[in-house]
Structure formats: C-alpha cells, structure tokens
1. Return the total of residues in segment A:351-385 being at pLDDT below 95, touching a helix residue (DSSP H, G or I) at 6+ places or on another chain (Cβ under 6 Å) and more than 26 Å from A:Ser41 (Cα to Cα).
2. Filter segment A:397-420 for residues that are touching a strand residue (DSSP E or B) at 6+ places or on another chain (Cβ under 8 Å) and charged (D, E, K, R); which is farthest from the other protein chains (Cβ to nearest Cβ)?
3. Quick check, is A:Pro289 surrounded by 13 or more Cβ atoms within 10 Å (Cβ to Cβ), touching a residue at least 12 places away in the same chain (Cβ under 8 Å), more than 22 Å from A:Arg93 (Cα to Cα) and more than 23 Å from the chain's Cα centre (by Cα)?
4. Could you tell me which residue of segment A:335-374 is farthest from the chain's Cα centre (by Cα), considering only residues that are in contact (Cβ under 8 Å) with a residue 60 or more places away in the chain, on the phi < 0 side of the Ramachandran plot and within 12 Å of chain B (Cβ to nearest Cβ)?
5. From the list B:Asn33, B:Asn18, which one is surrounded by 17 or more Cβ atoms within 10 Å (Cβ to Cβ) and on the phi > 0 side of the Ramachandran plot?
6. Consider B:Asn94 against the criteria (1) more than 13 Å from chain A (Cβ to nearest Cβ); (2) among the polar types (S, T, N, Q); (3) closer than 30 Å to A:Glu394 by Cα: it satisfies all of them except one. Which criterion is unmet?
7. Restricting attention to segment A:216-231, which residues are among the aliphatic types (A, V, I, L, M) and crowded, with 24+ Cβ neighbours inside 10 Å?
8. Give the residue, chosen from A:Glu378, A:Glu394, A:Glu423, that is within 14 Å of chain B (Cβ to nearest Cβ), under 30 Å from A:Leu162 (Cβ atoms) and among the acidic types (Asp, Glu).
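The values are calculated or read from the model by the stated rules, or taken from the named source; none is laboratory data. Values in this document were obtained by computation on a predicted structure and should not be read as measured data. Using ideal geometry, Cβ is built from the backbone for each residue, glycine included, and neighbour counts are taken over all protein chains shown.
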Amino acid sequence: MIHQALSSRAESRDEARAARSAESKVQRIIADFPILARPTSRGKRLVYLDSAATSQKPRCVIDALVEYYEQYNANIHRGVYEIAARATDEYERARVKVARFVGADPSEIVWVRNTTEAINLIAYSWGAQHLRAGDAILLTELEHHSDLVPWQRLAERSGAHLRFLPVDDRGIHVLDDLDALLDACKLVALGHVSNTLGTIAPISTIVSRAHAAGAIVVVDGAQGAPHLPLDVHALDADFYAFSGHKMLGPTGIGALYGKKALLETMPPFFSGGDMIRRVRYESTVFNDPPRRFEAGTGNIADAIAFGTAVEYLEKVGMTWVREHERSLTAYALERLGEFEGRGLAIYGPRDPDRISGVISFNFADIHAHDLASILDTEGVCVRAGHHCTMPLMEKMGWSATARASFYIYNTPADVDVLCTGLEKAASVFNR
Amino acid sequence: MDDFYRDYILDHYRNPRNFGTLERADVEAEDLNPLCGDEIRMQLQLDDGVVQDVRFSGKGCAISQASASMLSEMVKGMKLSDVAKLSKDTVLENVGIGISPTRMKCAMLGLRVLKSAAIGRLAAWPDEE
C-alpha cells in the first residue's frame, strides 16, 4: 500500500517533470521566432493561429537568407569562382537535407515554387503523357483548389473524367466504394491532411488499393509534411508535393518528391536553361531528373533557407511535433466545446488522433469574417472564409468558417486567448 | 474594429431592410466578394428613371449585409442616374468610421452591385475609383 502510494507519487512527479520540460521546450522554440516577440499595434501579444496558411520563420531561416545574399550571392551550376561554387554546394546540400527529411533520395527531389506548381508539373508532364479519353482521375471531396483545378484542366485537355471519393459529414473519407472508383482510374490525387478540417487521409490504404488497380498516387502534402513524421518510401505514394513556407521555410520554394523510375520517363514541364544536356539549333537532349524539371535560375536563397528550416524541424523532432499538436488540438477541442451550448459549431473529426492541428468552426450567427475581425483586436490571427475549398463548403452547406491552426510555437495559453476572443465576440454581438 | 459593430449595424445585419426578391425588376445585378465569397444581388423597379422599389438578397458578414441594407433604404426615390454616381463616401457615412482596409471590400460590395445595376455592366470597386 505504502509502496503503491510512493510509486504513484513518483509517477505524478515524473509526469509533472515531463510537462515542465515540454513547456520549457516550447518556450525555447518561441524564443527562436522574432515575430512572436513583437506586439500587435493594439499592444496585444501576437497569437498566431494561421500556420495552415503560412508558418512563421525562426531566426536561423531568416539568417540563412541574409547570409546567402551578404556572403556568397552567385548563380549556381555554372560559375567556376569561389562564391559560385559555395552557392551551388549550399543549394544542393539543401536538396539533400529536404530529401533526408522526407525519406527520399536527393535525385528524387525537384525544386518548385510551391505545392501548386508541383501538382501542375505532374499534370502537364505525366498527365499529358498518360491520360486519354475514357480514363478516370480520382480525387477526394476535401481537396484544396490547388489539388482540384489542375486536374480539371487536365481532364479538359485529355478527355479523362474526374471522380470524387466522398467524405462523411465530419469530413472523414468513406472508402466503401473505393475499388469501384478505381476502375479505369489512372491517377489518384489527394491531400495528406485537409487544410479546412484537418482530417488525416488514410494514405497507405488508398495507395495500396490504387496500385493494385494500376493507378499512380499523387499526395498533396502541403499540410502533411510540416506536421507529420514522413517517410515517402514507406508511404509508397508515387509523388508527394509540399511547400517550404508552411514548414518554417521562406515563400517561393517547395519540393516535389517523385519516384525515380517515374521521373526518369517524364518529359519536361518548363524548358530552357539548366534543364538541358546538349542543345543544337534544331533539337535538345534533356538533363536527368531532378534538373530536367528545373528550367532557369532557381530560387537559390529560398531553397538554401528551406534546407535550414527542415534541419530545425529535425532537431525539434517530428514525433514531438505531432504529439505537441495532437495534445494542443485535444485541449482546443475541449475549450471550444465549452462554447457549444452557446451556438459554437465545431466541424471536422472530433478525434485528435484523426486531425492534424486544424479546427474549423462557426459561432452562432456571427459571420466568420466578423469573428476573425474581432479576434484580430485581441491579437489572435485566424483564417476566415472558404479556405480554397469552395466545393467542400458548398457540400457541407457552410458559406464560410473560421479556422484555427497550430504549429510548434503554439501553446495552451494561445487557445485560452482564442477563447477570451470568443467571449468578446459574443459580447459585441450581444450573444 | 470592435467599435464598428454598433447596435444599428447589428440591427441591419439581423433584420435587413428590403430583403428579398422582386417579381418584376427593371434592372438588377449581382456579385461576389472575392475575399470571402459574400454574395449580394440588387433589384430595382423604376418609373421614369426614378427608383420606385428595391430588394436585395445574399449572404455574408455583418458589414456587407448591413451596408447593403442601409443602401437599399437610401435609394428609394432616387434617380437612377444619381444611383450610378454614388461614391464610397456614401457607404462610409452610412456605416460610420472604423472600417479596416481588410474589410473595405465587404463594405463596398452592396454599392458595387447597386451601381452595376444602374449602369448595366459590372461597376468598378467604389474604393478603387
């Protein structure tokens, strides 16, 4: 009995110590982000809950940009002088870092501007090569416009048709008819994580059944790579696209992972300098992947700083990132749940294990834009609107939602400020 | 911004005036706010170039709906040619100060649609003229 009491006291001491150490880790992370130390114009602490739109940047990423421009600004893959060699070296080292971060080989990582460009690259290159009239392209009802519109355009050009894997009223994928939907399907494209509802897609199940049906799988990883531990080879998707700016990196740089065997057979998307091996007036021999897909001078500084960003995330640890966001989401669902009796509606899966750091909601008859404006006065940044998923909004019957999204620098205190903001909105709207 | 949501704004938001549709409209227009997807449709009934009746419909935030509602009250009895000349200041006088730049399009949507109806083509954003 005494022994039990002692050991349970020791356990609770361990738990308290673990909680304290997690808290001090988050505080150390916050200190790395200069913007989080800047108050808003109303003198409020910045409570940034819009990382699904773009993440904040740590000091080391900002420094990497400045260092390139101040110390070795030169073009890559051509100069023989010292700073050009260093620029090329850092640019290619960044590719190695990003490849390691997602579990790929560096030759499988193509630099792009962002996820949207990566998806267009696949649609124009692989899509034009393989899609014919009568073929099907399978998407899901959750897709962001960037993983929908390029496929609509490919369907128009090729005569292929689009199908949609349905989701239920909580935004969870319904797989009952998956095999029928995969009939005559050449390509499946889906988001790893829904940017509107946070739903984590059952990628492995879909990949194995798509492959069995002879389709390739493109994963829009814009909301996946920043938040979930990732090994693209284990995931076995054929393509995985992601953006640097949503994972602590700069804007204007992203990456497309593609299986080597696929990339090697694909024609270029853009053409011009740097993507060639030999050019004659009449014809050109293209370079090998990944450079075959990187025409013109790339986004050198941003690629290098993207490498710094994923190194930072590796140091933090992606398993820790996932657990931090899972527990924060659980806390937010609990706190927001306290407002449900007063007209707050929470959308999407309610299970923190099924969502990745995104909660969409509406509060009584307060329009999401009005809510976001009032939260702004408290320093709270949330997104309001259709989140670039207009078809999903229409299906669900929502004209707009407010969305809070979390990242490594958010804390339960941020959720508490959000709730204070909700109280203020209720009082402004006399609710 | 929080000062903006005064009682009369909330009253227009919750009890919009002239809300609905006309069976017979002489001129009408509709548009979306690209930022948030707010929608407004304006219909006018005319007699000798003067607005006899007006209805608006749509959905959106308190700012877009209240400013459209207030405009609808103003235009009854106005000459259509004067409706076409309304400027952003009219809306700002209606809704009062405190519209932040990020919400200006919400406030101007109703006026843009009204002016579009008056001139028979899509009018410029009043805040960009």
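1. 1
2. The qualifying residue farthest from the other protein chains (Cβ to nearest Cβ) is A:Asp414.
3. On the way: surrounded by 13 or more Cβ atoms within 10 Å (Cβ to Cβ): yes; touching a residue at least 12 places away in the same chain (Cβ under 8 Å): yes; more than 22 Å from A:Arg93 (Cα to Cα): no; more than 23 Å from the chain's Cα centre (by Cα): yes.
Against the criterion (surrounded by 13 or more Cβ atoms within 10 Å (Cβ to Cβ), touching a residue at least 12 places away in the same chain (Cβ under 8 Å), more than 22 Å from A:Arg93 (Cα to Cα) and more than 23 Å from the chain's Cα centre (by Cα)), A:Pro289 does not qualify.
4. Narrowing segment A:335-374 to residues in contact (Cβ under 8 Å) with a residue 60 or more places away in the chain: A:335-336, A:338-339, A:342-344, A:347-350, A:354-360, A:363-366.
Remaining after also requiring on the phi < 0 side of the Ramachandran plot: A:335-336, A:338-339, A:342, A:344, A:347, A:349-350, A:354-356, A:358-360, A:363, A:365-366.
Checking the rest, the ones that are also within 12 Å of chain B (Cβ to nearest Cβ) come to A:365-366.
Values: A:Asp365: 31, A:Ile366: 29 Å.
Ranking the candidates gives A:Asp365 first.
5. Numbers: B:Asn33 fails: on the phi > 0 side of the Ramachandran plot.
The match here is B:Asn18.
6. (3)
7. Going through segment A:216-231, the residues among the aliphatic types (A, V, I, L, M) turn out to be A:216-219, A:222, A:225, A:228, A:230.
A:Val218, A:Val219, A:Ala222, A:Ala225 - these are the residues of segment A:216-231 that are among the aliphatic types (A, V, I, L, M) and crowded, with 24+ Cβ neighbours inside 10 Å.
8. On the way: A:Glu378 fails: under 30 Å from A:Leu162 (Cβ atoms); A:Glu423 fails: under 30 Å from A:Leu162 (Cβ atoms).
A:Glu394 is the lone residue from the list that is within 14 Å of chain B (Cβ to nearest Cβ), under 30 Å from A:Leu162 (Cβ atoms) and among the acidic types (Asp, Glu).
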